[in-house]
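Shown next, in structure tokens, is the structure this report addresses.
Laboratory data are not the source of any read-out in this text; all were calculated from the coordinates shown. Note that the structure is a prediction, hence the values are computed from the model and not measured. Neighbour counts run over all protein chains shown; Cβ positions are idealised from the backbone, glycine included.
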């Protein structure tokens, strides 16, 4: 038997499932900022991130019956946000790289320099600028692995690629970003 | 449990900076913007309200059938009344009759009957919807329809495109009855669900 996740908002979510607009608003208030952060890191802060935030919440509320309390509601919602962003990038963006079509690189052990050193003078603004220069696919994979905490199997399922492709492209994304920052 | 990732110095730096970026982004979203986006979300959900409805066949209570029949009869009377009024207004000689435009008594009575049913339904909805789940939005929609109705009525009194206006007025009243019926049904479903939740908690 699958045990249910002890979701603190379970009662509120039950009300949302009945179409209760007040409950929807309460849930939105709790999660909107964090989810905007996810959108902003994936596509950059601004109107597009805000538009995607709206779309993701509409999608979540319309599909709320699919939330079966197997994981935290926040994690379920975040997956919807990520999928909404991915759909948008795949439809609209010209810089989306089909990740599984790219040549895969062998996994080399990180060098001493890579493992223990990085110029401390490089700050958040430079990193953000570098992230925005990356191809969408690279930026997504870096975000998912490093910041959202997904492992390569989970990323493979989300992006519909193999786990080895995820590993290989993560490595390429990191290398590309480091190259941009050290220029 | 997930295995902890071994990160390089570069990855640590990226992670730290992106966490700071996340915090800043979260603070960027002001209360005003949050409210604006909620309005957008709410409107989109409103448009897709049929998606939230159960797909089972709806049973319309008998009391609604009676009201629908009463409303339809009233509206028929309204149509007949208008034609009668138009005939009465046609000059039979060269004498020009100047009158203040006014709806004849029959039309007024039919309209009043329809409005009375609507008023009664609104009162019932407000009385039952103590938690204000449905009533505010429904009333807003009804007010907009009332405004449109009054505008059409004024145009009708000025004798502009009578047939089209009569049809539009009939549709307006029909729509108001329909909105009220749907609101009551939705409220019944929500209240039933709340009761079930309460019963569940008490078990």
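What to note about this one:
- Computed FRET value (nearest 0.05) for residue B:120 with residue A:72, which takes r as the C-beta separation and R₀ as 45 Å: 0.45
- Peptide A:46-59 shows a mean partner chain C-beta count of 3 within 10 Å per residue C-beta.
- Taking 0.36 nm per residue of separation and subtracting the Cα-Cα distance, full extension of the segment from residue A:17 to residue A:34 would add 3.9 nm.
- Between residue B:175 and residue B:12, the simple label model (points 7 Å from Cα in the Cβ direction) yields a spacing of 6.5 nm.
- Relative contact order for the range A:1-70, counting Cα pairs under 8 Å that sit 6 or more residues apart, in percent: 44 percent
- Counted residue by residue at 0.36 nm each, then reduced by the alpha carbon distance between them, the extension gain from residue A:87 to residue A:151 reaches 21.0 nm.
- Sites residue B:167 and residue B:192 - FRET efficiency at Förster radius 41 Å, r taken between beta-carbons, to 0.05: 0.65
- Estimated FRET transfer efficiency (residue B:5, residue B:145; beta-carbon r; R0 51 Å; 0.05): 0.30
- Distance between the modelled labels on residue B:23 and residue B:130, one decimal in nanometres: 4.6 nm (7 Å Cα→Cβ projection).
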